[in-house]
2 protein chains.
Amino acid sequence: MKAKIYITLKAGVLDPQGKAVEHSLHNLGFEGVTGVRQGKYMEIELATEDKTKAEADLDEMCKKLLANIVIENYRIELE
Amino acid sequence: MKAKIYITLKAGVLDPQGKAVEHSLHNLGFEGVTGVRQGKYMEIELATEDKTKAEADLDEMCKKLLANIVIENYRIELE
């Protein structure tokens, strides 16, 4: 089973990496860019076919390792 | 207009960061994880409402700055 995990900074948390990308895009001539937020994306392969267990496991993985839940949100998609 | 950009390593390209996450997940007791691929995710705000122009611009941004097209694939989603 394959899972996709999206990790984004919570609203209000400063995103210097996103700001740097935004400035670079402006310098390249893309003046229409009004905001960039940088996040993480992960694809995880799981041996189990049990969707409920997979969801519970992935939620725990995010809380324990993958996301910093103080400043980040995460979203899990199962295929 | 808001765009989401997903950048992933091409198949066959080594992903040491993904491997490190995989090992850490095993160490935390998630033995069912058989693979992790690490990618990037970006949310870009654009001033334009012209979808065709936005798509063309985003494609150019990916090629020029956001993705390394030698080793990475990118996918653009417009909202």
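Just so you know, all these numbers are worked out from the coordinates, no wet-lab data involved. No experiment lies behind these values; they were computed from the predicted model shown. Quick reminder, even Gly has a Cβ in these numbers, built from the backbone with ideal geometry, and neighbours come from all protein chains shown.
Does any residue in the stretch A:26-54 that is closer than 15 Å to A:Leu78 by Cβ come within less than 9 Å, Cβ to Cβ, of a residue that is among the polar types (S, T, N, Q) and assigned to a loop (DSSP other than H, G, I, E, B) six or more places away or on a different chain, and which pairs are these?
A:Ala54/A:Thr48
Quick test for you: out of B:Lys64, B:Lys40, pick the one residue that is basic (Lys, Arg), closer than 22 Å to A:Leu66 by Cβ and surrounded by 14 or more Cβ atoms within 10 Å (Cβ to Cβ).
Step by step, each of B:Lys64, B:Lys40 is checked, and only B:Lys40 is basic (Lys, Arg), closer than 22 Å to A:Leu66 by Cβ and surrounded by 14 or more Cβ atoms within 10 Å (Cβ to Cβ).
Just give me the residues in the stretch A:43-61 being surrounded by 17 or more Cβ atoms within 10 Å (Cβ to Cβ) and touching an Asp or Glu at 6+ places or on another chain (Cβ under 8 Å), in sequence order.
The one that is surrounded by 17 or more Cβ atoms within 10 Å (Cβ to Cβ) and touching an Asp or Glu at 6+ places or on another chain (Cβ under 8 Å): A:Leu46.
When you check B:Ile7 against the structure, is it among the aliphatic types (A, V, I, L, M) and in contact with a Phe, Trp or Tyr (Cβ under 6 Å, 6 or more places away or on another chain), yes or no?
For B:Ile7, the condition - among the aliphatic types (A, V, I, L, M) and in contact with a Phe, Trp or Tyr (Cβ under 6 Å, 6 or more places away or on another chain) - is met.
In the stretch B:19-43, what residues are more than 7 Å from chain A (Cβ to nearest Cβ) and either farther than 22 Å from B:Ile7 by Cα or assigned to a loop (DSSP other than H, G, I, E, B) (or both)?
Within the stretch B:19-43, B:His23, B:His26, B:Asn27, B:Gly29, B:Glu31 qualify.
Name the single residue that is nearest to the chain's Cα centre (by Cα) among those in the stretch B:40-79 being closer than 16 Å to A:Gly39 by Cβ and of a type in the set (Lys, Arg).
Restricting to residues being closer than 16 Å to A:Gly39 by Cβ and of a type in the set (Lys, Arg), the top hit is B:Lys40.
Scan the stretch A:7-16 for residues that are surrounded by 14 or more Cβ atoms within 10 Å (Cβ to Cβ) and either touching a residue at least 60 places away in the same chain (Cβ under 8 Å) or in a helix (DSSP H, G or I) (or both) and jot them down.
Across the stretch A:7-16, the qualifying residues are A:Ile7, A:Thr8, A:Leu9.
Among the residues of the stretch B:67-79 satisfying the criterion of being closer than 13 Å to B:Lys4 by Cβ and not hydrophobic (A, V, I, L, M, F, W, C), which is surrounded by the most Cβ atoms within 10 Å (Cβ to Cβ)? Explain how you work it out, then say what you get.
Keep residues of the stretch B:67-79 that are closer than 13 Å to B:Lys4 by Cβ, which gives B:74-79.
Retained after the next criterion (residues that are not hydrophobic (A, V, I, L, M, F, W, C)): B:74-75, B:77, B:79.
Values: B:Tyr74: 20, B:Arg75: 13, B:Glu77: 11, B:Glu79: 7.
Going through the qualifying residues, I end up with B:Tyr74.
For A:Asp57, work out the one condition from (1) assigned to a helix (DSSP H, G or I); (2) more than 11 Å from chain B (Cβ to nearest Cβ); (3) not aliphatic (A, V, I, L, M) it doesn't fulfil.
Result: A:Asp57 fails condition (2) only.
Out of curiosity, is B:Lys4 more than 7 Å from chain A (Cβ to nearest Cβ) and in a strand (DSSP E or B)?
Against the criterion (more than 7 Å from chain A (Cβ to nearest Cβ) and in a strand (DSSP E or B)), B:Lys4 qualifies.
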